Amino acid sequence: MMRTLFSIFFCMASLGLPKAEDGSRLWLRFQQQEVAALTGFTTVSGDKESFALQQFQEAWSAMAGSALPETNRLTDHTLLIGTPKNREIRKIIKAKELQELGAEGYIIRTVMQGKNRITMVASAGEGGLLYGVYHLLRLIQTGSDLSTLHISEQPSYDIRILNHWDNLNGTVERGYAGRSIWQWDQLPEKISPRYSEYARANASIGINATVLNNVNASPDILTADYLKKVKRIADILRPYHIRVYLSVNFSSPKILGGLSDSDPLNPHVQHWWQEKTKEIYQLIPDFGGFLVKANSEGQPGPQDYGRTHAEGANMLADALRPHGGIVMWRAFVYNPTPEDRAKQAYLEFKPLDGSFRNNVIIQVKNGPVDFQPREPFSPLFGSMQQTALMPELQITQEYLGFSNHLVFLAPQWKEFLESDTHCKGPQTTVAGTTDGSVYPHRLSAIAGVANIGQDVNWCGHHFAQANWYAFGRLAWNHTLTAEEIAAEWIGMTFTGEPAFSEPVKEMMLRSWETTVDYMMPLGLHHIFAWDHHYGPEPWCDIPGARADWLPPYYHNASPEGIGFDRTTTGSDAVSQYCSPLREQFNDVKSCPEELLLWFHHVPWDYPMQNGRTLWDELCYRYDGGVQQVREFQKIWDRMEPFVDNDRFRHVQSRLKIQSRDAVWWKDACLLYFQTFSGRPIPYDIERPVHELEELKQIKLDLKHHN
Ligand code: GCW
């Protein structure tokens with residue numbers, strides 16, 4: 001018996017079947033076999049104390065079985081890692097050349113010295129060195145040719161920051177990967193090994209900052225006890241070149257400090273913030289600053305005292321300035337007024353342009369409503385020219401199937417970043433207006449709402465790791481294509497074998513549009529079930545609820561047609577965009593069809609460009625989404641030989657959920673909208689398998705999805 005078992009095992013091993021994996025190593029698996037692709041570095045040289053060098057050796061050891069021997073004399077195949085402090089580096093490259101790239105930039109270059117081939121990774125700063133090392137490791141992991149490297153990199157954004165919506169009680173708002181990784185109840189004494197793994201993963205993709213707590217902030221985060229815990233985390237993240245920021249509650253002076261109010265013009269309030277800030281910097285000298293959600297969804301803010309967002313933000317900025325800290329002030333504001341929700345952030349913030357301190361940056365969600373499957377870009381981008389603006393992207397899939405659906409978000413983010421605002425002539429893209437190239441401001445930054453939790457695979461879905469990865473890569477270099485990012489990620493997380501990587505890449509690249517199609521095609525938005533944002537509830541009508549929290553506010557379906565009229569004769573949201581975009585959006589004929597129902601209320605028989613009526617097109621889009629997910633299932637099932645069993649089954653089972661959910665979305669939306677259109681679902685489309693009434697009864701037990 002033993003022998004049989006042994007021989008089966010032996011057989012499997014020799015067949016090279018992938019070993020079981022749980023996804024915990026992310027894209028940093030450093031497989032032994034990857035070393036086969038190495039050009040064969042034989043030695044490494046550099047400053048022994050260098051953290052970047054240590055990181056390289058750790059990864060190399062995992063791949064090669066042992067660390068590279070260190071050498072002082074450059075011989076053939078030496079890897080030279082260092083800053084201009086290192087003599088050998090100075091012999092090869094001028095310090096000035098490195099300084100021009102900044103402390104985070106780096107150069108990787110193959111240098112021939114006589115017969116010796118040396119690979120140099122150099123930077124003016126330790127941070128840049130770390131990024132350079134991870135770049136080189138990525139080349140090794142993806143089997144790239146290392147023989148003639150000539151790489152020079154510099155980040156697109158200065159601050160590349162994750163926003164954790166993690167609460168102090170361990171829950172995560174809109175988190176779908178288990179509880180918060182920050183174990184506040186155990187800190188500062190007990191340290192989870194995950195903290196440094198998290199830091200390493202972020203460093204490997206260029207993320208250099210993190211906000212530890214939810215923007216719906218508990219004042220407790222600023223108590224002495226919590227600050228000690230925060231300090232502990234900051235100490236762990238520091239070597240990885242990651243700065244810690246905190247979300248703060250605007251009422252903290254009143255709630256924690258016992259003051260009579262938190263009015264930003266009250267000198268006692270100002271003093272309280274100055275003292276609190278000082279206390280923080282004593283513990284964390286490189287503390288980044290505050291993120292603030294004010295006067296939004298019930299959070300306190302300066303308007304409680306008749307003050308403006310600028311007065312609130314500037315007061316905090318003044319407290320942080322002596323220490324070099326900054327304020328990230330969110331523009332996610334909307335009130336239950338008759339005004340179109342999509343217009344409100346612009347209406348509140350545009351008049352304040354130019355009145356913020358230069359250590360304030362306004363954090364603006366990509367779209368004007370709220371992380372919908374597809375939105376046009378927020379009209380604040382491009383329009384606010386005197387104030388630094390930073391995009392906020394949502395990595396966690398609040399509106400995109402939680403951690404159940406495979407949705408690769410890089411194509412969505414690219415569409416957003418490359419949108420042309422036209423505000424300073426053509427080719428003034430969202431990326432250009434925020435990265436400092438069109439409007440030169442002191443600060444440039446980009447934020448992503450994290451999808452990280454305590455799940456073994458970090459993000460709930462193995463493919464959701466790709467979104468964390470993509471956020472970091474785009475924040476570092478927004479000119480990378482979604483395809484390049486997907487290819488890198490697949491190569492490192494699974495395998496670069498083309499029979500696997502090509503179809504999987506295609507699946508990833510199509511996955512966002514597919515999800516838009518089965519959820520909210522043609523510019524539909526916010527037709528989610530009440531509160532949890534998972535399934536469809538286009539009919540949702542809760543008596544007494546705020547209109548702008550209900551789907552009919554957004555889709556306006558009636559026997560006449562469907563869509564939100566935001567033209568000049570409707571809510572006039574189009575006029576918040578710069579010309580010629582506003583004219584383009586305003587005219588139903590030139591409005592991109594992908595955003596048609598965002599900007600227009602359109603009759604059911606409206607002729608689309610392909611000749612179909614709007615109703616028919618809607619049906620085909622929903623159906624197309626469903627069919628695509630079924631294709632994804634087929635693609636994935638064919639991939640079984642390339643993937644370890646655990647990850648294969650996990651993804652396979654999630655795709656089944658996604659497939660069922662897509663049908664649910666399609667049936668719910670088409671059967672409901674059909675009650676208005678009164679038209680048949682085109683006969684060549686798969687028939688609904690649910691009754692509308694049955695779907696209306698579904699009340700999700702969130703635990704299944706959360
Ligand atoms: O997307 C919405 C979410 C809220 C979130 C809010 C925000 C943190 O539904 O859960 O609160 O946006 O961004 O502030």
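Could you order the peptides 486-493, 439-446, 201-208 from most to least packed, using the average number of other C-beta atoms within 10 Å per residue?
For the peptides 486-493, 439-446, 201-208, the packing ranking is 201-208, 486-493, 439-446.
Would you work out which of Ala203, His526, Val516 lies farthest towards the positive end of the dipole of the chain? Charges go on Cβ: Lys and Arg +1, Asp and Glu -1.
Ala203
On a straight-distance basis, which lysines could pair with Lys48 in a cross-link, Cα separation under 17 angstrom, same-chain partners fewer than 8 positions away excluded?
Lys85
For each pair in Lys293/Lys414; Lys190/Lys365; Lys505/Lys634, compute the distance between the two Cα atoms and list the pairs where it is over 24 Å.
Lys293/Lys414; Lys190/Lys365
State log₁₀ I(q)/I(0) for segment 543-620 at q = 0.16, 0.24 Å⁻¹ as given by the Debye formula over alpha-carbon point scatterers of equal weight, solvent excluded.
The Debye formula, applied to the Cα set alone, gives -0.62, -1.12.
Using amide H atoms built 1.01 Å from N in the peptide plane, name the residues 5+ places from His600, or on other chains, whose amide H lies under 5 Å from its own.
Distant-sequence amide H within range of His600: Phe564, Arg566.
After finding the eigenvalues of the alpha carbon gyration tensor for segment 485-531, what semi-axes result from the square roots of 5 times each, listed largest first in whole Å?
Each semi-axis is the square root of five times an eigenvalue, giving 31, 11, 7 Å.
Residue farthest toward the positive end of the dipole of segment 36-94, with Cβ of Lys/Arg at +1 and Asp/Glu at -1: which of Gly65, Leu80, Thr43?
Sorting the options by dipole projection puts first Leu80.
Using the alpha-carbon centroid of each, what span in Å lies between segment 116-184 and segment 494-515?
So the separation of the two Cα centres works out to 22 Å.
Identify, among Ser24, Tyr281, Thr223, the residue whose Cα sits farthest towards the positive end of the charge dipole of the chain, taking +1 on the Cβ of Lys and Arg and -1 on the Cβ of Asp and Glu, with the dipole about the Cα centre.
Tyr281
Taking the Cα atoms of segment 195-306, report the difference between the largest and smallest coordinate on each principal axis, in whole Å and largest first.
Cα spread of segment 195-306 along its principal axes, largest to smallest: 45, 29, 19 Å.
Obtain the nm distance between the two label points defined at Ala499 and Val456 by a simple spin-label model: each point lies 7 Å from its Cα along the Cα-to-C-beta direction.
About 2.8 nm, to one decimal.
For segment 240-383, what D do you get in µm² per second when you plug the Kirkwood radius from alpha-carbon pairs into Stokes-Einstein at 10 °C and 1.306 mPa s?
After rounding, the answer is 100 µm²/s.
Where the only charges are on Cβ atoms (+1 Lys, Arg; -1 Asp, Glu), what is the dipole of the chain about its Cα centre, to the nearest 20 debye?
The calculated dipole for the chain is roughly 2200 debye.
Ignoring ligands, DNA and RNA, what percent of the 1.4 Å accessible area of the chain is carbon and sulfur?
51
With all distinct Cα pairs included, what does the Kirkwood hydrodynamic radius of segment 179-225 come out to in Å, to one decimal, could you say?
12.4
About its Cα centre, how strong a charge dipole does segment 555-706 have in debye, to the nearest 20, once Lys and Arg get +1 and Asp and Glu get -1 at the Cβ?
Its charge dipole is roughly 440 debye.
Just the number please: accessible area per residue for the chain, 1.4 Å probe, all protein chains included, in Å².
Here the residues of the chain average 38 Å² of exposed surface.
Which of rounded, prolate, oblate describes the chain, given a ≥ b ≥ c as roots of the alpha-carbon gyration tensor eigenvalues and a/c under 1.5 marking rounded, otherwise prolate only if a/b is larger than b/c?
oblate
Can you compute the modelled spin-label distance between Lys699 and Arg638, with each label point 7 Å from Cα toward Cβ, in nm?
For the pair Lys699/Arg638, the computed spacing is 4.5 nm.
Starting from the Cα-Cα distance between His690 and Thr223, subtract it from 0.36 nm times their residue separation and give me the gain in nm to one decimal.
Difference between extended and current length: 162.9 nm.
By how many nm would the segment from Ile93 to Glu506 grow when fully extended, if each residue of separation counts as 0.36 nm and the alpha-carbon distance is taken off?
144.6 nm
With label points built 7 Å along Cα→Cβ from the Cα atoms of Gln32 and His150, find their separation and express it in nm.
Placing both labels 7 Å beyond Cα along the Cβ direction yields 3.8 nm.
Based on the mean of other beta carbon atoms within 10 Å per residue, what is the order of 67-74, 381-388, most packed first?
Going by the mean number of other Cβ atoms within 10 Å, highest first, we get 381-388, 67-74.
Suppose only helical runs count, i.e. DSSP H with n ≥ 4. What mean residue ellipticity at 222 nm does that imply for the chain under -39500 (n - 2.57) per run, divided by all residues and rounded to the nearest 500 deg cm²/dmol?
That comes out to -11500 deg cm²/dmol.
Mind giving me the FRET efficiency for Thr337 and Asp22? R0 is 56 Å, r the Cβ-Cβ distance, nearest 0.05 is fine.
Computed FRET efficiency for Thr337 and Asp22: 0.70.
Rank-order 180-187, 513-520 by packing density, defined as the average count of other C-beta atoms within 10 Å over each peptide's residues, highest first.
513-520, 180-187
Percent of alpha carbon pairs in segment 592-706 separated by more than 26 Å?
The proportion of pairs with Cα distances above 26 Å equals 35 percent.
The values are calculated or read from the model by the stated rules, or taken from the named source; none is laboratory data. These numbers come from a predicted model, not from an experiment. Neighbour counts are summed over all protein chains in view; Cβ atoms, including those assigned to glycine, are modelled from backbone coordinates with ideal geometry. With ligands, DNA and RNA removed, areas are computed over all heavy atoms of the protein, side chains included. Shrake-Rupley method; radii C 1.70, N 1.55, O 1.52, S 1.80 Å.
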